[in-house]
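Worksheet: one structure, shown below.
The values are calculated or read from the model by the stated rules, or taken from the named source; none is laboratory data. Please read all numbers here as calculations on a predicted model, not as lab measurements. Every residue, glycine as well, gets a Cβ built from its backbone with ideal geometry; the counts of neighbours run over all protein chains shown. Ligands, DNA and RNA are stripped out before the accessible areas are found, and what is left, the full protein with its side chains, is counted by its heavy atoms. Shrake-Rupley method; radii C 1.70, N 1.55, O 1.52, S 1.80 Å.
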Amino acid sequence: MNIYQIIIRILISGGVLLSLYTGAFDYATALAVLSIIYFFSYIILPKGKNSKYMFLIIDTIFISIAVYLTGNAYLSLFVIPLFSEFVKDIRDIGYFFLLSASPVMISLYVSDFSELTIVPILFAGLVGIYGLYKTFIEKDSHYKELKQEMENLYIKNISFQEKIEQLSKKEQLYQSLKKLRDNRFPLKIWIYDLNEIMGTDGVIFFDFTEHKCYSTGKVECNKDILKYIQEPVQKISSQEINEEKGFPHITASFIDINGEPVGALIFFSSLKDINLSDIEFIREQLILYFLENSGKEISKEDSGITSGGKEKAEGD
């Protein structure tokens, strides 16, 4: 129930009751009872989506009767606050003006058209309410624009934050891989650093040249997983191995030199997906690591990886 509308009916019925004390009227008791009935009818009667149209009929009839019986033309001005419910739509405004004409015309009649100032006062009040409504709409529209702009800025900020995090991760990967290539980290220690940087639950590395396997975290070496790796870099999902290991996100990479496999790197994550571009970057650097340690000459294709890796680490 709208408290504002209840207050309006209290003021209307109270105004009529107050006007009864300004003089002696033949139907004062009847009008006082009618004022009480009018107020409680608004409280008791059910209210729906379109009930305002029915209540406006009741309001204008009551105000018209009060104006006629008391002869107080200014009681017709009580239609002004009722306008607030009909200000949103042009058809509602027309409906309001049609019904509110009744108490206004009666007020002019009972005053022998001597109280013509009622008309400009009435229109001033209605225009004021309409102006307040338009101002509120404009401010609400402005607020929504500001809110939308703030949401866009927030989304951009999140995007920039993600980009900064990605660049930071690439830099960490580059420094970690550089330590590996400079032989400051052995492979079995390096994968722990790699697991921490990638934020994964575990890493497995198969070193085919040394016939060794290293693992971290919650995973253990198991050659069965190798049969699921079909591409140089790929995601493994919806496979038996995902259910067996208990990790929905598994990403793997074959490390090869001129088509000859030298290693395999597998990441396991239970919560988040693993970025394939990060895996591709790691793979390229590992190819160079094995080339440098094998004593083989670096081909033009592999030298392209070197320059490409630097560009990614610096440009990303």
query = Helix 187-198 versus the longest principal axis of the chain: what angle, 0 to 90°, nearest 10, using Cα atoms?
reply = 10 degrees
request  = Using a cut-off of 15 Å between beta-carbons, work out the net charge of the residues near residue 212 (Lys and Arg +1, Asp and Glu -1, residue 212 not included).
outcome  = -1
GluC sites (Glu not before Pro) within the range 178-223: DSSP coil, no more than 12 neighbouring Cβ in 10 Å = 210, 220
request  = Compute the semi-axes of the equivalent ellipsoid of the chain, taking the square root of 5 times each eigenvalue of the Cα gyration tensor, and list them largest first in whole Å.
outcome  = 88, 21, 14
query = Under the Karplus relation 6.51 cos²θ - 1.76 cosθ + 1.60, θ = phi - 60°, what is the ordered set of whole-Hz ³J(HN,Hα) values for the range 104-111, x standing for Gly and Pro?
reply = 5, 5, 5, 5, 5, 5, 5, 9
query = Over the chain, what is the relative contact order in whole percent, taking alpha-carbon pairs under 8 Å and six or more residues apart?
reply = 10 percent
inquiry  = Please report, in whole Å³, the volume per residue of the convex hull around the C-alpha atoms of the range 175-307.
reply    = 103 Å³
ask   = Can you list the residues, at least 5 places off or on another chain, whose amide H is less than 5 Å from the amide H of residue 201, using H built in the peptide plane?
value = 268, 269, 270
message = Per residue of the range 148-165, what does 6.51 cos²θ - 1.76 cosθ + 1.60 with θ = phi - 60° give for ³J(HN,Hα)? Whole Hz please, x for Gly and Pro, Karplus curve as stated.
response = 4, 5, 5, 5, 5, 5, 5, 5, 4, 4, 4, 4, 5, 4, 5, 5, 4, 5
request  = Over the range 237-294, with every protein chain in place, what whole percent of the accessible area is carbon and sulfur at 1.4 Å, could you tell me?
outcome  = 45 percent
message = Not counting ligands, DNA or RNA, and with a 1.4 Å probe, what is residue 233's accessible surface area in Å² rounded to the nearest 10?
response = 30 Å²
inquiry  = Suppose a student asked you for the relative contact order of the range 165-266, using Cα pairs under 8 Å spaced at least 6 residues apart; what percent would you report?
reply    = 21 percent
note = The answer for the net charge of residues other than residue 250 whose Cβ lies under 12 angstrom from its Cβ, with Lys and Arg +1 and Asp and Glu -1, is -3
key: Cα-derived Rg over Rh, computed across the range 55-127 with Rh taken as Kirkwood radius   = 0.96
task = Rounded to whole Å and ordered largest first, report the semi-axes of the equivalent ellipsoid of the range 1-92 derived from its Cα gyration tensor (root of 5λ).
result = 24, 14, 11
ask   = Under a 5 Å amide H to amide H cut-off, with H placed in plane at 1.01 Å, what residues pair with residue 256 once short-range neighbours are removed?
value = 262
query = Using the Cβ atoms and a cut-off under 13 Å, what net charge is assigned to the surroundings of residue 233, where Lys and Arg are +1 and Asp and Glu are -1?
reply = -3
request  = With a probe of 1.4 Å, find how much accessible area the chain has per residue, and write the answer as a whole number in Å².
outcome  = 59 Å²
Trypsin sites (Lys or Arg not before Pro) restricted to the range 9-65 and DSSP loop, no more than 11 other C-beta within 10 Å = 49
request  = Kindly provide the pair-distance distribution of the range 202-276 built from C-alpha pairs, with 10 Å bins from 0 and whole-percent values in order of increasing distance.
outcome  = 20, 57, 22, 2
With every protein chain in place, the range 7-162: carbon and sulfur % of accessible area (1.4 Å) = 69 percent
request  = May I ask for the Kirkwood hydrodynamic radius of the range 139-225, worked out over all distinct Cα pairs and given in angstroms to one decimal?
outcome  = 16.2 Å
